[in-house]
Amino acid sequence: MSTFILRLGAALPCLLPAAPVAAQVRDGDIVVEGARDPVKLDQSVQASSRLGLTIRETPASVEVLDQNELQVRGLRTARETFNDVVGAVAGNVPGNPAVVSLRGFAGNTVSVLQDGVRIAASTVVQRDSNNWHYDRVEVLKGPASVLYGEGALAGVINKVTRKPVLGEEHFDSLVSVGSFDTVFAAAGVNLPVTGDLAVRADASYQRSRSLYDVDNNDTFSAGLTASALWRPSTTLSVLVAVDHFEDRYDATYQGLPLIPARYALRPSAAVESTSGLVADRPLRRRNYNPLGAYSGADETTWRSRIDWVIGNGWTAALDLTGYIADRAFLLADTQTFVASDAVFPHGSFRQSYQDFRHDHRFWNARGVVGHDGAIAGLRNRFSLGAEYNDTDFISLRQQAPAGALPAVDVRDPAVIARPTSPAIYTSGNVTFESKLRQASVFAEDAVNLTPKWLLLGGIRWDHIALRRATIQNVTGAVDRNDPSFDPVSWRAGTTWEGWPGITLYAQYTTAVSPVSTILLASIANSRFKLTSGRSYEGGFKAGTASGRISITGAAYRIEQRDIITRDPANPSLAVQGGRQSSQGIELIAALSASKSLRLSAGASYTDARYDELSEVVSGIAVSRRGNRPINVPSTTLNATALYTIADKVTIGGFLRHASDFYTDTANTIRVAGHTTLDASISVPVARGVTLTARGRNLTDAFYGEYSGYPSTNVYIAAPRSFELALATRL
């Protein structure tokens, strides 16, 4: 499959005439659309319920970015898309590309689904995949364990792949070239085979010298998705699909290492620290990883879905999913600064090294029966389902201590080869073997007390059985643990359309999450019980009948209990008892001011903190109470303006702001807030063909995007860049 993808990528630029799907054909011309559309409050969203509720009926904050909007905004990858979600920030941590922080929480507390199926925690499976393959990205904010099980504390992101459409024949494509030798090519085709059978296939290929403009950091990503839809009658449909994605990041970039201010040539205000560490601008493009180190993944998913309309309001659905993946993470794990000496007059970095591998196998079966009818004259929608999944996960984890790699000069790091001898792995050389079995039963019910007043309830029970073996590869010693968990999650909510076009809502939800990623947890961590969470949320959803204006707002509070902390009486002992919380508000508005002008904006404020947390410093338990969690800005702002001249040329402006955040729980390293501006101009050049020029980070802002590991590494976002894209829709 890998060879095929590479050949496909090489051939695509020669085959495609391409540019943004965001263009719609009207009377022979293309009119570019896609400022954040006024929210379609009466559309159903898969991620928010299994009852077919509309956004208006859902007592939660829901955001949808469709393919049209992704293309107009120039959002090429998962990371860029997640960053455009109101209240979220994302980064490409090597072991967790496109990691998301949402509503004050991050990592394995945000569930990422593909077509409604959660394969594992996002910290395991999420990659910075190409967006071309998704019809839309749905975001359900706040706890959602009642729908998707453990881990969905901060929210759910559902990537919905493109599917066949019966009776339609069309072809769309996109080719772009840009800064840092970046090339993207993609195409998709929908073909009717018969009146009741259609197929769709999409392919994408992206390569770049570096998406961050960093030395020795060639990147590659590709995808191939195909599906067939058969609808032999109005009551039965069958979908089968296969998705394959690959990626590789050479000499894995893991952020700019901070250095003492006295060694910096041009210290930036982008990072401040109480210990005097700074981000030095001249090191912006330096990559200290050895040649041959890389992060990469190769993953394939098979899916099928059967939908059956039984009659008298009854429906049934059956989903079957299979997934296999191989991942590798080879990189210099840490850079420890060493003062200047005769060999390295500018200072040097002593580096540790890691070689982690994943062999991941998963299958899932889920069946749901639903009914839409009446009880005592009131409309009632009900669903009852069961789910079972089976995971086999093997992870080789080899670590070498600081000094295992040759020291490198801070200013002019020599290119060194990655180590190949297993003898260097003296810090750790283990294999984790995990078998995870999960059975679930869940139910939802929505009853309309009046046509405009709805009550919603849901409950889910999970039985989670983990068999974990940690094998010392040198001695052969094995440590085993077989924990099991039986959490129950539930939610209750209501929506009320109190005035024409204006709906108020409120809900209470609960959630559970492991203390760390369940498939990667150490034996010690796997012995802890699940953490528990709860959330209160209220808000409104308003839109005009014409659809020209929409405004949604939410206020929330999320609490998580039983996170890992230190026993004050015995700091060497890790115990449960820590607490973390966040509360905030969000507002999204969109306006089609005229046929030519479309405006949209989204803003969020989050007050997140550790309510109870202790860590060990020099053998003493130190409280982090009141500190802000890592990678959580207090405010974010997105704004978009699109103006079309003479129904042909469209000019776009895209503003994003995120406030400061911290890289450590002690809040000693602060990354300053940033504001970026992108712009585009789109011109129709032929029937169904549009040419778009785009500029990103036009002010050339130097800013930290996310923090990685360790806390003294900060990802510096890409500098100003440009691209030219050609899109077709035929």
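For segment 503-516, which residues satisfy the criterion of being assigned to a loop (DSSP other than H, G, I, E, B) and either of a type in the set (Ser, Thr, Tyr) or over 29 Å from the mean Cα position of the chain (by Cα) (or both)? Even if it seems obvious, please write down each step before you answer.
Let us first name the residues in segment 503-516 that are assigned to a loop (DSSP other than H, G, I, E, B), namely 514-516.
Residue satisfying the conditions is Ser516 alone.
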Count of residues meeting criterion [surrounded by fewer than 18 Cβ atoms within 10 Å (Cβ to Cβ) and either over 21 Å from Pro143 (Cβ atoms) or among the acidic types (Asp, Glu) (or both)] in segment 498-524: 8
Selection from segment 113-154 of residues that are in contact with a strand residue (DSSP E or B) (Cβ under 7 Å, 6 or more places away or on another chain), part of a loop (DSSP other than H, G, I, E, B) and more than 23 Å from Tyr508 (Cα to Cα): Asp115, Ile119, Ala120, Gln126, Arg127, Asp128, Ser129
Near pairs, Cβ below 9 angstrom, 6+ apart or cross-chain, from segment 453-480 (touching a residue at least 60 places away in the same chain (Cβ under 8 Å)) to any residue that is of a type in the set (S, T, N, Q) and surrounded by fewer than 15 Cβ atoms within 10 Å (Cβ to Cβ): Ile464/Ser484; Leu466/Ser484
Restricting segment 539-560 to residues that are in contact (Cβ under 8 Å) with a residue 40 or more places away in the chain and of a type in the set (Lys, Arg), the residue that is surrounded by the fewest Cβ atoms within 10 Å (Cβ to Cβ): Arg548
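Output the residues belonging to segment 256-271 that are among the charged types (D, E, K, R) and at pLDDT below 95. Write out each step before concluding.
Of the residues in segment 256-271, the ones among the charged types (D, E, K, R) are 262, 266.
Of everything in segment 256-271, just one residue is among the charged types (D, E, K, R) and at pLDDT below 95, namely Arg262.
I'm checking my understanding of the structure. Among residues of segment 104-147 that are of a type in the set (Ser, Thr, Tyr) and modelled with pLDDT under 90, which one is surrounded by the fewest Cβ atoms within 10 Å (Cβ to Cβ)? First the steps, then the outcome.
Quick first cut of segment 104-147, residues of a type in the set (Ser, Thr, Tyr) only: 109, 111, 122-123, 129, 134, 145.
Still in the list and also modelled with pLDDT under 90: 109, 111, 122-123, 145.
Numbers: Thr109: 28, Ser111: 29, Ser122: 26, Thr123: 21, Ser145: 27.
In this case the residue turns out to be Thr123.
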Residues within segment 85-100 that are within 23 Å of Ser49 (Cα to Cα) and touching a helix residue (DSSP H, G or I) at 6+ places or on another chain (Cβ under 8 Å), tallied: 2
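Quick check on segment 612-630: of everything there that is of a type in the set (A, V, I, L, M, F, W, C) and under 28 Å from the mean Cα position of the chain (by Cα), which residue is surrounded by the fewest Cβ atoms within 10 Å (Cβ to Cβ)? Let's see the steps before the verdict.
Applying the first criterion (of a type in the set (A, V, I, L, M, F, W, C)) to segment 612-630 yields 613, 616-617, 620-622, 630.
Now restrict to residues that are under 28 Å from the mean Cα position of the chain (by Cα): 613, 630.
Working: Leu613: 22, Ile630: 18.
So the residue we want is Ile630.
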Scan of segment 563-606 for residues that are without any contact (Cβ under 8 Å) to a residue 12 or more places away in the chain and under 23 Å from Leu153 (Cα atoms), ordered by number: Val575
Top-ranked residue in segment 235-253 [being at pLDDT below 95 and not in a strand (DSSP E or B); ranked as farthest from Asp355 (Cα to Cα)]: Tyr253
Where a residue in segment 692-711 is closer than 12 Å to Arg670 by Cα and its partner, wherever it lies, is among the β-branched types (Val, Ile, Thr) and in a loop (DSSP other than H, G, I, E, B), with Cβ under 6 Å and at least six apart: Ser707/Thr663; Ser711/Thr663
Subset of segment 687-719 (residues that are surrounded by fewer than 16 Cβ atoms within 10 Å (Cβ to Cβ) and either on the phi > 0 side of the Ramachandran plot or of a type in the set (D, E, K, R) (or both)): Arg687, Asp700
Boolean, Thr426 is modelled with pLDDT under 90, of a type in the set (Ser, Thr, Tyr) and either under 30 Å from Ala325 (Cα atoms) or surrounded by 15 or more Cβ atoms within 10 Å (Cβ to Cβ) (or both): no
Residue list for segment 344-379, restricted to those being surrounded by fewer than 17 Cβ atoms within 10 Å (Cβ to Cβ), part of a strand (DSSP E or B) and touching a residue at least 60 places away in the same chain (Cβ under 8 Å): Asp372, Gly373, Ile375, Leu378, Arg379
Subset of segment 631-647 (residues that are buried (at least 19 other Cβ atoms within 10 Å of the Cβ) and either basic (Lys, Arg) or within 25 Å of Ser659 (Cβ to Cβ) (or both)): Asn631, Val632, Pro633, Thr636, Asn638, Thr640
Residue under evaluation Ala386, criteria (1) assigned to a strand (DSSP E or B); (2) small (Gly, Ala, Ser); (3) touching a helix residue (DSSP H, G or I) at 6+ places or on another chain (Cβ under 9 Å), criterion not met: (3)
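Does Tyr323 satisfy the criteria of being assigned to a strand (DSSP E or B), under 30 Å from Ser227 (Cβ atoms) and at pLDDT below 95? Spell out the reasoning first.
Numbers: assigned to a strand (DSSP E or B): yes; under 30 Å from Ser227 (Cβ atoms): yes; at pLDDT below 95: no.
No.
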Complete set of residues in segment 674-717 that are assigned to a loop (DSSP other than H, G, I, E, B), farther than 17 Å from Ser273 by Cα and at pLDDT below 95: Arg687, Gly688, Ala717
Any hit, segment 617-625, residues being over 30 Å from Thr531 (Cβ atoms), in a strand (DSSP E or B) and not small (Gly, Ala, Ser): no
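Residues that are acidic (Asp, Glu) and either in contact with a Gly (Cβ under 7 Å, 6 or more places away or on another chain) or at positive phi (or both): list the strands (runs of 3 or more DSSP E) wholly contained in segment 394-502 that include at least 1 such residues. Break it down stepwise before answering.
Numbers: elements: 428-450, 453-472, 478-481, 488-499.
Output list reads 428-450, 453-472.
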One residue from Arg609, Arg566 being farther than 30 Å from Leu642 by Cα and under 25 Å from the mean Cα position of the chain (by Cα): Arg609
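Determine if segment 656-665 includes at least one residue that is part of a strand (DSSP E or B), over 27 Å from Gln254 (Cβ atoms) and without any contact (Cβ under 8 Å) to a residue 40 or more places away in the chain. If you could, list the steps in order and put the result at the bottom.
To start, the set of residues in segment 656-665 that are part of a strand (DSSP E or B) comprises 656-658, 661-662.
The next check asks that each one be over 27 Å from Gln254 (Cβ atoms); those that pass are none.
No, segment 656-665 has no match at all.
Say we look at segment 666-684 and pick out the residues that are in contact (Cβ under 8 Å) with a residue 40 or more places away in the chain and either among the hydrophobic types (A, V, I, L, M, F, W, C) or closer than 22 Å to His170 by Cβ (or both); which of these is surrounded by the most Cβ atoms within 10 Å (Cβ to Cβ)?
Start the filter on segment 666-684 by keeping residues that are in contact (Cβ under 8 Å) with a residue 40 or more places away in the chain, which leaves 666-674, 676, 678, 680, 682, 684.
If we keep only those that are either among the hydrophobic types (A, V, I, L, M, F, W, C) or closer than 22 Å to His170 by Cβ (or both) as well, we get 666, 669, 671-672, 682, 684.
Details: Ala666: 14, Ile669: 22, Val671: 26, Ala672: 16, Ser682: 28, Pro684: 21.
By that ranking, first place goes to Ser682.
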Hits in segment 450-485 - residues which are surrounded by fewer than 15 Cβ atoms within 10 Å (Cβ to Cβ) and among the β-branched types (Val, Ile, Thr): Thr450, Val474, Thr475, Val478
Candidates Phe180, Phe184, filtered to the one that is modelled with pLDDT of 95 or more and part of a loop (DSSP other than H, G, I, E, B): Phe180
Given (1) assigned to a strand (DSSP E or B); (2) more than 28 Å from Ala666 (Cβ to Cβ), index of the condition Asp341 fails: (1)
Neighbours by Cβ (under 8 Å, 6+ apart or cross-chain): first from segment 527-538, farther than 21 Å from Gln507 by Cα; second not in a strand (DSSP E or B): Arg527/Pro483; Phe528/Pro514; Phe528/Val515; Leu530/Glu150; Leu530/Pro487; Leu530/Pro514; Leu530/Val515
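Residues Gly385, Gly311, Gly322, Gly403: which one is crowded, with 18+ Cβ neighbours inside 10 Å and not charged (D, E, K, R)? Please lay out each step first, then the result.
Numbers: Gly311 fails: crowded, with 18+ Cβ neighbours inside 10 Å; Gly322 fails: crowded, with 18+ Cβ neighbours inside 10 Å; Gly403 fails: crowded, with 18+ Cβ neighbours inside 10 Å.
On inspection, the qualifying residue turns out to be Gly385.
The values are calculated or read from the model by the stated rules, or taken from the named source; none is laboratory data. From a predicted model like this one, the values you see are computed outputs, not experimental measurements. Every residue, glycine among them, receives a Cβ derived from its backbone with ideal geometry; neighbour counts consider all protein chains shown.
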